[in-house]
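Engineer: Here's a structure for you.
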Amino acid sequence: MNIPVTRTTNPKPRPEDETKLGFARYFTDHMFVMEYDEGKGWHSPRIEPHAPFLIEPASAVLHYAQMMFEGMKAYRKPDGSIQLFRPDMNIARMKRTCERMCMPEVPADLFLEGLKAVIYEDRDWIPSAPGTSLYIRPFLFGDEVSFSVLPAQHYRFMIILSPTGSYYAANDGGLTTTRIFVEDEYIRAAPGGTGYAKVGGNYGGGMRASKKAIAYQCKDVLWLDAMEHKYVEEIGTSNAFFRINDEVITAPLDSGTILPGITRNSVIQLLKKWGIKVSERKLSIDDIFAASKDGSLQEIFASGTAAVISPIGWLNYKGEDYTVADTKVGPIAQKLYDNLYGIQTGKVEDDMGWTYPLGF
Ligand SMILES: *Cc1c(COP(=O)(O)O)cnc(C)c1O
């Protein structure tokens, strides 16, 4: 495939300190773009300078949010070469999201070619300090000029890149515990909705709860189910795991309200490999509070591409703190982080077949 490259004539200065990148604060010099027309399919793949672009104000996406995104990372190995982590899973999820949103599927080979091409162009931006990686944000939206609430006839697909550090800010790549707000009023996703898909509307609707969480000095929101406000679902934009009496529990996917995280799936597989009991089942917030009180709540952690593994030290519910064990980083969260991030960065041998070397 021929992907023409228009190089920037005005390269940006690289972030000076790789240990202070934050999450998605800097973007690289280039982006991948292609377009779709009904009847013609995907066309005009290209690499361009990362820059603002024109969009017609009546474009459907700006009004009705027919869009989707993905989140993945490229990692620098100790030998300097670059690899991805389970990109086949992102491709499969992107397909399910596109189906849900009535958008054209992005062919796997076209996606991988475009992704490789743009990462290659900006390979010098990929950091190597502990805890860092190149965050990759593919996204697709309908930009037909139309106010009819129907699938668009024209779409744009883009991939932008950001050298990134830890999502739960300010550390040396090591782990610290955070406080999480239990949200019992607003919901993220309901059965029959779009909770299992990575679509913008899910996140816009969640900001009200995030604001509440911040007001209670919490880092993020623990979402409860929409029907009964009783069962735990996810933590912010990560999946949630609870270790009680040596069983690790996470919400099942069958309600359609849980985003099927690639990190979630990897955590479950690693725990099974290590002989740790792991269950995908409903767990009520009351059972968690009871376990906090009687001492059987051993760990809570969140998992996601951005968050990797984020241990939780406190749950805050209506202004009251419930502690998670001794509030310190738990041993399973630490072991998962070391192994997962180790495999991703090539410091731990990948015996799961999860890594995808880019060949440069
Ligand atoms: C992206 C996301 C996750 C984590 O998925 P990963 O594939 O592990 O990055 C979990 N929950 C929500 C709501 C998300 O948007």
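Engineer: Any number yet on Rg/Rh for the chain, C-alpha, Kirkwood? It would help to have the intermediate numbers written out before the result.
Structural biologist: Details: Rg = 20.6 Å, Rh = 21.4 Å.
For the chain, the value is 0.97.
Engineer: For region 1-71, what relative contact order do you get, as a whole percent, if you take Cα pairs closer than 8 Å and at least 6 residues apart? List each step's numbers first, then the result.
Structural biologist: Details: 60 pairs, mean separation 22.4, N = 71.
32 percent.
Engineer: Which whole-number percentage describes the relative contact order of the chain, with Cα contacts under 8 Å and a sequence gap of 6 or more?
Structural biologist: In percent, rounded to a whole number, it is 19.
Engineer: Would you mind computing, in nm to one decimal, how far apart the modelled labels at Arg208 and Lys272 are, each placed 7 Å from Cα along Cα→Cβ?
Structural biologist: A separation of 3.9 nm, rounded to one decimal place.
Engineer: For a 25 Å ceiling on Cα separation, which of these pairs sit above it: Lys73/Lys277; Lys12/Lys116; Lys20/Lys198; Lys219/Lys347? Provide the component values of the computation, followed by the final result.
Structural biologist: Working: Lys73/Lys277 29 Å; Lys12/Lys116 21 Å; Lys20/Lys198 28 Å; Lys219/Lys347 29 Å.
Violating the 25 Å limit, Cα to Cα: Lys73/Lys277; Lys20/Lys198; Lys219/Lys347.
Engineer: Oh, and also: Running a GNM on the chain with Cα contacts under 10 Å, which residue among Gln298, Gln344, Gln153 ends up with the highest mean-square fluctuation?
Structural biologist: Highest fluctuation of the listed residues: Gln153.
Engineer: Right, next: How much length, in nm to one decimal, is gained on full extension between Tyr356 and Glu18, taken as 0.36 nm per residue of separation minus their Cα-Cα distance? Numbers along the way, then the final one.
Structural biologist: Values: separation 338, 0.36 × 338 = 121.68 nm, distance 2.38 nm.
Gain on stretching Tyr356 to Glu18: 119.3 nm.
Engineer: Next question. Kindly put Leu270, Leu150, Leu140 in sequence by how many other C-beta atoms sit within 10 Å of each C-beta, fewest to most. Write down the numbers at each step before the final one.
Structural biologist: On the way: Leu270 18, Leu150 13, Leu140 24.
Fewest to most other Cβ atoms nearby, the residues stand as Leu150, Leu270, Leu140.
Engineer: So for region 179-293, considering every pair of alpha-carbon atoms, how many percent are separated by more than 25 Å?
Structural biologist: Numbers: 1335 of 6555 pairs.
The answer is 20 percent, as a whole percent.
Engineer: For the chain, modelled as a GNM with alpha-carbon contacts under 10 angstrom, which of Tyr196, Tyr135, Tyr341 fluctuates the most?
Structural biologist: Comparing Tyr196, Tyr135, Tyr341 in a Gaussian network model of the chain, the most mobile one is Tyr341.
Engineer: Which angle between 0 and 90 degrees, to the nearest 10, do you get for helix 285-294 versus the longest principal axis of the chain when only C-alpha atoms count?
Structural biologist: 50
Engineer: Take the alpha-carbon centre of region 71-118, take the same for region 277-291, and report the distance between them in whole Å.
Structural biologist: Using only Cα atoms to place each centre, the spacing works out to 33 Å.
Engineer: Return the tail of the calculated pair distribution for region 185-228, meaning the percent of Cα-Cα pairs more than 11 Å apart. Numbers along the way, then the final one.
Structural biologist: Details: 624 of 946 pairs.
Tail fraction, whole percent: 66.
Engineer: Additional query: Quick one: what are the phi-derived ³J(HN,Hα) couplings along region 215-226, Karplus 6.51/-1.76/1.60 with θ = phi - 60°, whole Hz, x for glycine and proline?
Structural biologist: Once rounded to whole Hz, the list reads 4, 9, 6, 10, 7, 6, 10, 9, 7, 9, 5, 6.
Engineer: Loop sites only, by DSSP: take the trypsin sites (Lys or Arg not before Pro) in the chain that have at most 12 other C-beta atoms within 10 Å and name the longest stretch containing none of them.
Structural biologist: Values: sites that count: Arg7, Arg25, Lys40, Arg281, Lys318.
Looking at the chain, 41-280 is the longest stretch - no exposed trypsin sites (Lys or Arg not before Pro) with at most 12 other Cβ atoms within 10 Å.
Engineer: I'd like the orientation of helix 262-273 relative to the chain: the angle between its Cα long axis and the longest Cα principal axis, in ° from 0 to 90, rounded to 10.
Structural biologist: Taking the Cα atoms of the chain, the angle to 262-273 is about 50 degrees.
Engineer: Among Pro130, Pro191, Pro57, whose mean-square fluctuation peaks in a Gaussian network model of the chain (Cα, cutoff 10 Å)?
Structural biologist: For the chain, modelled as a Gaussian network with Cα springs under 10 Å, the answer is Pro57.
Engineer: Expressed in whole Å with the largest first, what are the equivalent ellipsoid semi-axes of region 111-216 derived from the C-alpha gyration tensor as the square root of 5 times each eigenvalue? Could you put the intermediate results ahead of the total?
Structural biologist: On the way: eigenvalues 163, 155, 20 Å².
The equivalent ellipsoid of region 111-216 has semi-axes of 29, 28, 10 Å.
Engineer: Let me ask something else. Calculate the all-directions average of the projected area of region 3-94's alpha-carbon convex hull, and give it in nm².
Structural biologist: Working: hull surface 36.9 nm².
Computed as one quarter of the Cα hull surface, the answer is 9.2 nm².
Engineer: I'd like the chymotrypsin sites (Phe, Trp or Tyr not before Pro) in region 264-301 restricted to DSSP loop residues with at most 14 other Cβ atoms within 10 Å, sorted by number.
Structural biologist: On the way: sites: Trp274, Phe289, Phe301; in loops: Trp274.
Listed in order of number, the matching sites are Trp274.
Engineer: With a cut-off of 8 Å between alpha carbons and a minimum separation of six or more residues, what is the relative contact order of region 250-313 in percent? Could you put the intermediate results ahead of the total?
Structural biologist: Details: 51 pairs, mean separation 21.5, N = 64.
Relative contact order of region 250-313: 34 percent.
Engineer: In addition: List the GluC sites (Glu not before Pro) in region 132-231 that DSSP assigns to loop (not H, G, I, E or B) and whose Cβ has at most 13 other Cβ atoms within 10 Å. Which are they?
Structural biologist: On the way: sites: Glu144, Glu183, Glu185, Glu228; in loops: Glu144, Glu185, Glu228.
Taking region 132-231 and a limit of 13 other Cβ atoms within 10 Å, the loop GluC sites (Glu not before Pro) found are Glu185, Glu228.
Engineer: Among Leu224, Ser128, Ile3, whose Cα sits farthest toward the positive end of the charge dipole of the chain (+1 at Cβ of Lys/Arg, -1 at Cβ of Asp/Glu, about the Cα centre)?
Structural biologist: After comparing all options, I get Ser128.
Engineer: How far apart, in nanometres, would the label points at Phe53 and Arg281 be if each is projected 7 angstrom from Cα along the Cα-to-Cβ direction?
Structural biologist: 4.8
Engineer: Of the chymotrypsin sites (Phe, Trp or Tyr not before Pro) in region 38-69, which ones lie in a loop per DSSP and count no more than 14 other C-beta atoms within 10 Å? Mind showing how you got there, number by number?
Structural biologist: Details: sites: Trp42, Phe53, Tyr64, Phe69; in loops: Phe53.
Taking region 38-69 and a limit of 14 other Cβ atoms within 10 Å, the loop chymotrypsin sites (Phe, Trp or Tyr not before Pro) found are Phe53.
Engineer: Then there's this: As an exercise, use a Förster radius of 45 Å and the Cβ-Cβ distance of Asp246 and His63 to find the FRET efficiency, rounded to the nearest 0.05.
Structural biologist: Values: r = 50 Å, r/R0 = 1.12.
According to the calculation, E is roughly 0.35.
Engineer: Here's something else I'd like to know. Can you give me the C-alpha center-to-center distance between region 241-256 and region 317-338, rounded to a whole angstrom?
Structural biologist: Region 241-256 and region 317-338 have Cα centres spaced 15 Å from each other.
Engineer: How big is the gap, in Å, between the Cα center of region 203-237 and the Cα center of region 1-38?
Structural biologist: 32
Engineer: On to the next question. Please state, as a whole number in µm²/s, the translational diffusion coefficient that the Stokes-Einstein equation yields for region 291-350 at 25 °C and 0.890 mPa s, with Rh defined as the Kirkwood radius across alpha carbon pairs.
Structural biologist: Working: Rh = 12.6 Å.
Roughly 194 µm²/s, to the nearest whole number.
Since every read-out is calculated from the coordinates, none of them should be taken as a lab result. In this text the structure is predicted, and so the values were computed from the model without any measurement. Cβ sites come from the backbone with ideal geometry, for glycine too, and all protein chains shown count toward neighbours.
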